[in-house]
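Below is one structure, written out as structure tokens; comments come after it.
The values are calculated or read from the model by the stated rules, or taken from the named source; none is laboratory data. Because the structure is predicted, anything quoted here is derived from the model rather than measured. All Cβ positions, even for glycine, are placed from backbone atoms using ideal geometry, and neighbour counts span all protein chains on display. SASA here: full protein model, heavy atoms, side chains in, ligands and nucleic acids out. Shrake-Rupley method; radii C 1.70, N 1.55, O 1.52, S 1.80 Å.
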Amino acid sequence: MKGEAWLFTGTALFFGATMAVYAWFSGEPAGTAALAVSFLMTALVAAFLWRQYRRGGSRPEDRGTAEVQEAGGRREFFPARTYLPVTAAAGSALIGLGVVQGLWLCLIGFGILLPAVVGFAFRTLDHPR
């Protein structure tokens with residue numbers, strides 16, 4: 001994760017510097033806001049990757065002298081197939097339509113999205129680590 005963390009850290013620094021220069025010279029708020037959002041999103045990913053690196057330690061991919069056999073075996077836990085991504089997408093689409101069409105459709109969308117988000121959050125609690 002160290003290589004990926006450095007990549008996103010560099011990208012976040014680039015967006016931050018570009019945002020500062022753009023805001024100083026242009027004074028235009030829309031471009032500055034877009035660069036600020038880009039900076040924040042890449043900084044969030046970089047922070048997550050640095051956290052994962054510190055929590056899990058270095059991987060064989062992080063060393064230049066690693067052998068292919070070192071990366072073999074079970075690495076992560078991936079949950080079984082589920083309908084929750086489709087349910088979350090349908091709920092989000094209904095919320096978007098509800099903003100345009102009416103509150104009743106938005107409320108139905110929240111009613112569909114909430115169980116999907118709860119299912120995502122608590123799906124792997126019973127998995128032994």
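Annotations
- Rolling a 1.4 Å probe over the protein heavy atoms of the chain, with every protein chain left in place, gives an accessible area that is 70 percent carbon and sulfur.
- Note on the chain: Kirkwood hydrodynamic radius from all Cα pairs is 18.7 Å, rounded to one decimal.
- Per residue, the chain exposes 75 Å² of solvent-accessible protein surface, assessed with a 1.4 angstrom probe and all protein chains in place.
- Multiplying each eigenvalue of the alpha-carbon gyration tensor of region 1-44 by 5 and taking the square root yields semi-axes of 23, 9, 4 Å, largest first, rounded to whole angstroms.
- FRET efficiency for the pair W6 and A34, taken as 1/(1 + (r/R0)^6) with r the Cβ-Cβ distance and R0 = 22 Å, rounds to 0.35.
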